[in-house]
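See below for the structure under consideration.
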Amino acid sequence: MASWWHAAEDQTWLIKANHFSIVYRLQQNRGNFISQLPFLMWQRYKMLFHITNQCWSIPQTPSISQCLMSTGSMTKRHLVELLSLEEHEAESLDKYLTSLEAMDSNKVMESIQCHLCDIQIVVTKDRSKMEAVFRDQESSRVLHLQCDSCKKSVALRAGGKWWPLQESLHCGDSYRSSFKEVATFGERLLLHVLNRIIFKEVEHDSGTPALFLPIPADEQAKLIWCNGEVVGFYTLKPRGKLYQGAFGESYAMPIVDLMFIRKKFRQQGYGAKVIEDLAFMFPNQNFGFSHPVSPSLYIVLLRYLQMHPEMHDHIWVTTYTGDEGHRQNIWLLLRHLVRKKGNLILA
């Protein structure tokens, strides 16, 4: 360090900061040099010093593209950021499966770790299962890689690459904590992962009835985020939408058709936040939850309605379109059950 300062004495130094430059001439007393630097500039750039041929230069602030090139974590792409169906369909899954079958056995095969069994699963055609992304579009498909041991899906193939299950549950914004309406193809894929893999295969409660059908391509839905990790989702049948399979009949109110919160995020108030989100979207309006409703959700609804008496007449459990004869007021239903059972335990 002493030789560095010795070489700097009596020399002209160029300090570049963003779009301006200042020229300083050092005196014999090197302490004077430091005292001449503006304090804020020194604090901002003191970690960026570069010494070249007796010239001290502080580089300009790097551009966003330079940051992306130099920071590996910022360039990492996530499943939810796969923006278009065309990008996904650029690879033929049928041809990919054929290539797996024809692959030389001596060649190093791609493998993905099973998050449940903690073993490496080699990608082969036999372990790759074709799944439809949407209920009404068989042409939109993805591959699920299944573990031989636990028989669960460990990865999803979309857009020409395999996405490990745990990685696919995150986004590039580690600060995202909100309810976000599903709009892009990548968000539809994440909805598929939550519904067809996490909900159906990994975290399904045996006491909770569910069909696990693929979600329609035009289904209104919201993803719930916490610090860049997806918490769960809910799907919504909007009022006035035609009921599938019925001639001319439509939903009488907005109805939550599917709702799922991952186990690691339960007991943290997300059920109540879903109800609050619905109440915000539909002020002073009726909305419903499709039958059957889980016991845990009934408890959340009861607690919410006890705190919000103005909502007693607006929240329903529904069947069919939710019209007259196909709905029951949740507040009245829960009051009856509580009086009958004497507590909040709903069997």
From F260, F199, grab the single residue that is in a strand (DSSP E or B), hydrophobic (A, V, I, L, M, F, W, C) and touching a Phe, Trp or Tyr at 6+ places or on another chain (Cβ under 9 Å).
F260
In this structure, does G288 turn out to be assigned to a loop (DSSP other than H, G, I, E, B) and at pLDDT 95 or above?
no
Where residues in the stretch 322-347 are among the β-branched types (V, I, T) and at pLDDT below 95, which of them is most open to solvent (accessible area, probe 1.4 Å)?
I345
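Which members of the stretch 128-150 meet the condition of being open to solvent by 60 Å² or more (accessible area, probe 1.4 Å) and at pLDDT 90 or above?
Hits for the stretch 128-150 are K129, R141, D148, S149.
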Could you list, in sequence order, the residues of the stretch 86-123 that are surrounded by fewer than 16 Cβ atoms within 10 Å (Cβ to Cβ) and of a type in the set (V, I, T)?
T98, V108, I119, V122
Can you spot a residue in the stretch 218-234 that is under 24 Å from T321 (Cβ atoms), open to solvent by 10 Å² or more (accessible area, probe 1.4 Å) and at pLDDT 95 or above?
yes
Flag if V274 is free of Cβ contacts under 8 Å to residues at least 40 places away in the same chain and of a type in the set (A, V, I, L, M)
no
Filter result (more than 21 Å from V338 (Cα to Cα) and either touching a residue at least 60 places away in the same chain (Cβ under 8 Å) or open to solvent by 50 Å² or more (accessible area, probe 1.4 Å) (or both)) within the stretch 287-321
T319, Y320, T321
Residues within the stretch 291-323 that are in a loop (DSSP other than H, G, I, E, B), under 20 Å from D257 (Cβ atoms) and not hydroxyl-bearing (S, T, Y), tallied:
6
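The values are calculated or read from the model by the stated rules, or taken from the named source; none is laboratory data. What you see is a predicted model; the values in this text were computed from it and never measured. When we count neighbours, we look across all protein chains shown, and the Cβ atoms used for this are built from the backbone with ideal geometry, even at glycine. All accessible areas refer to the heavy atoms of the entire protein, side chains included, with ligands and DNA or RNA removed. Shrake-Rupley method; radii C 1.70, N 1.55, O 1.52, S 1.80 Å.
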